[in-house]
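The values are calculated or read from the model by the stated rules, or taken from the named source; none is laboratory data. Small disclaimer: the values here were computed from a predicted structure and weren't measured. Glycine also receives a Cβ, built like all others from the backbone with ideal geometry; neighbour counts cover every protein chain displayed. What goes into the accessible areas is simple: the full protein's heavy atoms, side chains included, and nothing from ligands, DNA or RNA. Shrake-Rupley method; radii C 1.70, N 1.55, O 1.52, S 1.80 Å.
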Amino acid sequence: AEYIIDNSRQATIEAICKVPAGEYCNEMCLDGYDEPIILQARMTVGADKVHVDFAGSSPQSRYGINVVANYTEAYSCFGMKSIIAPEIPNNHGSLEPFSTSAPEGSILNPVWPAPVAARHILGHCLPDVVIGCLHKAIPDQVVAESGMMWNPYLRGEHWFDGSPRIWEMFYFQSGGTGARPTKDGLNATAFPAGIKNIPIESAEAVAPTIFWRKELRPNSGGAGKYRGGVGQVVELSSLHDVDMNFQAMFERIDNPARGRDGGNSGAAGSAKLKSGRRMRSKGNQVIPAKDRLRLLLPGGGGFGAPMERLPEAVALDVKSGLVSRTAAARDYGVAITPSGRINHEKTRVLRKKARGNK
């Protein structure tokens, strides 16, 4: 065990040595509960260690979105290691060179008795925050920002054998991941959790809910040389004609996932009732009887200039239903005919015009 840990530590230090030494800063604005949250990070890369200081981040909240210090360190270290030393086994030795700090009383190091039950909402943004620092040091090795997990906590009352019973269900679903330096982002896959989705058949089997729609969301992945992963459209309601409560724990409605190196941001998320009323991104709310909750999950950011994307790749996106013909022309300068073919002459005109506008 000592041999494995020592060698993992040394291999990690060797990987850190390949990152240019210096200080790299990044800032991310998030929706928060009832006011925006700012996460500020200053990364110091040394000869044998990497430290991230979150001084300047927002103060702790009176709501449960605070992130406890060990959670802050865990997800920040994950983000750093996944870029700097992804192939090295995950153990004490390989994690030791990475560290974090955050001021007491801040949103990333709250003081007891601050509520922290929903810490994952902001905590899962931390890898994107530290990767934003690394983008300034090793830009060709990082991913664009990702859409988040959108996990509604559903609760209602169901009559069984003549008696009312309370039921609860925590349902996992994901937006799109950010594009990579050489590949598109993953569709409907959360980062950093890597969780895919719970099949609707499983959800409907354990709780009196009905899913009316669950499909990939076209045009939600950020345009780029490599496209961000697309999110989802999810529409659900109570199976019976009764109200249903849901606890919203969503991000990236007001602050979508940003692209990198000229890539566009992914589409922002949306939470509404089918009747049209906008729902809050966080907090306990009611889905009225005869209405439905309609969620548009955010997409991941794009990587690289959209006009550098191969027209053939855009045509495949259109054929697959991930990008509309209108968005192909607007965002990528690629003209697709109704039959799905590339109009090369019009594409040359659109891309020439886009370069001239820049």
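Here are a few things to note about the model shown:
- Think of a 1.4 Å ball rolled over the protein heavy atoms: region 1-149 then has 45 Å² of accessible area per residue.
- Spin-label model distance (nm) - residue 35 vs residue 136, 7 Å beyond Cα toward Cβ: 2.6
- Along the axis of the charge dipole computed for region 69-221 (Cβ charges of +1 for Lys and Arg, -1 for Asp and Glu, origin at the Cα centre), the listed residues 221, 207, 171 are led at the positive end by 221.
- Alpha carbon Rg of region 57-199, scaled by the compact-globule rule 2.2 N^0.38 Å: 1.26
- Gain upon complete extension [residue 158, residue 11; 0.36 nm per residue less C-alpha separation]: 47.3 nm
- Charge context of residue 295, other residues only, Cβ under 9 angstrom, K/R +1, D/E -1: +1
- Added length on full extension, which subtracts the Cα-Cα distance from 0.36 nm per residue, residue 18 to residue 312: 102.3 nm
- Comparing mean-square fluctuations of 276, 228, 147 from a GNM of the chain with C-alpha springs under 10 Å, the top value falls on 276.
- Fraction of accessible area attributable to carbon and sulfur, the chain (%, probe 1.4 Å): 53
- Of all aspartates and glutamates in the structure, those lying under 12 Å Cα to Cα from residue 272, and not within fewer than 8 positions of it along the same chain, are 235, 291.
- Taken per residue, the accessible surface of region 177-325 reaches 42 Å², heavy atoms only and a 1.4 Å probe.
- Accessible-area ranking of 94, 275, 163, largest first, probe 1.4 Å: 275, 163, 94
- Those residues of region 139-182 whose amide nitrogen sits under 11 Å from the label point placed on residue 198, 7 Å along Cα→Cβ: 151-155, 168-173
- Take the Cβ atoms of residue 55 and residue 345, set R0 to 56 Å, and the FRET efficiency comes out at 0.50.
- Counting only DSSP H runs of at least 4 residues, each contributing -39500 (n - 2.57), and dividing by the residue count of the chain, the helix-based mean residue ellipticity at 222 nm comes to -7000 deg cm²/dmol.
- For residue 182 and residue 44, the difference between the fully extended length at 0.36 nm per residue and the C-alpha to C-alpha distance is 47.0 nm.
- Coordinate range of the alpha-carbon atoms in region 90-152 per principal axis, descending: 41, 32, 23 Å.
- In this label model, residue 212 and residue 99 are separated by 5.5 nm, measuring between points 7 Å along each Cα→Cβ vector.
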